[in-house]
Amino acid sequence: MQDDDKPVLDEIINGNISKYEIIINKYQARIISLCFRYTKSYPDAEEVAQEAFLKAYNSLNKFRFESKFYSWLHRIAINCSLNYINSKEKTKEKETISENSGLTEHKGVASIETPYNAYNMQTMAEKIESVYNSLPEDLKLVIKLRDIDDLSYDEMSNIAKLPIGTIKSKLHRAREILTKALEKYTEDE
Amino acid sequence: MNNIKNIKLTGFVKAILKKEYPLYMSKDFSSKIMKQINKPSRGYNFFNYGLQIASAMTFAIITLFVMDSVLTDKIQYSKSSINQEVLSPTRNVANQMEKCEDTKDSIQSSDGLKCK
């Protein structure tokens, strides 16, 4: 199975540790979002996601490229989240016994205010959705096929009836427009 | 725009389009992980290995001494016959059986032994 991450992962396995930052930056939002589904608290979701990235890094030598790296990372993140829930339940049991606090809400759900030193992803999402909807149809199609449906270039070429080179250049253009729209939200870095 | 930042923004775009994004996330999320990865491992260098082996050996030797002093009896066996006379004979080493007195029909003497 073809994996876009393979060249980067090979470099990491061969000792270029700093390249792992590419992997983190690529998947952090999706992994944190996945962990949040289990933890129901953003600070905890980040903690669990961090653990998942570290676990993946530490067992990278065992990854055999039989599946996509993201699928593997996704599985690790789910396991970490389940472990978190188990440990949380144990703590909760103790709390319930001591003060009957079982009905208290999770801390992160109640506060939606963006904390200091954090990206407001909701604002970014509104911007991206409006820019995406204003894209020309051909660019919108390649973005949809590649980034939403996760199709390979061959499959995209068959669907769009365009050569792979043209697909790649359209995709590059579309991504450039979309990422430019986000630049002002990350300017302070 | 540098490469890492571009990858991060592309990741955000993909997460948003797939509707798999958190409402907010720390700006230093990746740097925190990289710091942990780059942390020098308090690991298994030569000195630590040596220290571990030395402490294990010390522990083993002390344990052996303790076991030796507690568990082994102090009898010392000799291959040659012992010629030295026992200076203070005890009751139990006499070859003769001591007489006992049957107290059923007679009055027991003050230092007599009871028949079993």
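Listing for the model above:
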item: Residue match in the range A:79-88 (condition: at pLDDT below 90, more than 14 Å from chain B (Cβ to nearest Cβ) and exposed (fewer than 12 other Cβ atoms within 10 Å of the Cβ)); result: yes
item: Some residue of the range A:58-66 being at the interface with chain B (Cβ under 10 Å from one of its Cβ atoms) and buried (at least 18 other Cβ atoms within 10 Å of the Cβ); result: no
item: Residues of the range A:143-159 that turn out to be part of a loop (DSSP other than H, G, I, E, B) and surrounded by 14 or more Cβ atoms within 10 Å (Cβ to Cβ), as a count; result: 2
item: Members of the range A:35-51 that are within 10 Å of chain B (Cβ to nearest Cβ), of a type outside the set (S, T, N, Q) and crowded, with 22+ Cβ neighbours inside 10 Å; result: A:35, A:36, A:42, A:45, A:46, A:49
item: Qualifying position, being touching a residue at least 60 places away in the same chain (Cβ under 8 Å) and not acidic (Asp, Glu), among A:6, A:26, A:19, A:55; result: A:6
item: Number of positions in the range A:145-167 that are more than 14 Å from chain B (Cβ to nearest Cβ) and either among the small types (Gly, Ala, Ser) or under 26 Å from residue A:127 (Cβ atoms) (or both); result: 6
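The values are calculated or read from the model by the stated rules, or taken from the named source; none is laboratory data. It should be emphasised that the depicted structure is a prediction, and the values quoted were computed from it without experimental measurement. Cβ: placed from backbone, ideal geometry, glycine included. Neighbour counts: every protein chain shown.
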